[in-house]
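Engineer: My questions all concern the structure below.
The values are calculated or read from the model by the stated rules, or taken from the named source; none is laboratory data. These numbers come from a predicted model, not from an experiment. Note: ideal-geometry Cβ built from the backbone for every residue, glycine included; neighbour counts use all protein chains shown.
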Amino acid sequence: MSEHKLTDFIENCVRLCSPGPHVFLLVLQPEDFTEEHNLRLCRVLKLFGDRPFDHSLVLLSTPKTKASHFMEKNKLHPSLKDLIKMCDYRFLWRKNLEHPQLFTCLVQIFKENNGEHVRCKAGDC
């Protein structure tokens, strides 16, 4: 997708959720996350200016593998670790998640950003 089309799409999404998103919940499959996925995700988030990661929480879905020691055998891809770091280490594992915990984390991110929404860098969102 061209940069122009992506920008138009993002601006339309922001208009539809006026005044703009407050928190990004990034739901990722840990064993499938690669550098290419990271670059694509960062490309989209950076259209929201220089602070989209301050408004982001990474939710790692349950691994597709049935191995109970996924984390021990398969370390997180370095790109995923970098993304989690950019999000100030705000991440949760879905398998260990209780519903109130997710809501609490999202509210905390909202409060840390003084209730401000994310603005598009490129346009008049």
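Engineer: Phe91 - would you say it is under 16 Å from Arg119 (Cβ atoms), at pLDDT 90 or above and hydrophobic (A, V, I, L, M, F, W, C)?
Structural biologist: no
Engineer: Does region 50-71 include one or more residues that are more than 13 Å from Phe24 (Cα to Cα), modelled with pLDDT of 80 or more and in contact with a helix residue (DSSP H, G or I) (Cβ under 6 Å, 6 or more places away or on another chain)?
Structural biologist: yes
Engineer: Right, here's the next one. So in region 1-55, with the set limited to residues that are charged (D, E, K, R) and in a loop (DSSP other than H, G, I, E, B), which one is surrounded by the most Cβ atoms within 10 Å (Cβ to Cβ)?
Structural biologist: Ranking the qualifying residues of region 1-55, first place goes to Arg51.
Engineer: If you don't mind, there's one more thing I want to ask. Under the condition of being at pLDDT below 85 and in a loop (DSSP other than H, G, I, E, B), which residue from region 94-116 is farthest from Arg40 (Cα to Cα)?
Structural biologist: It comes out as Glu98.
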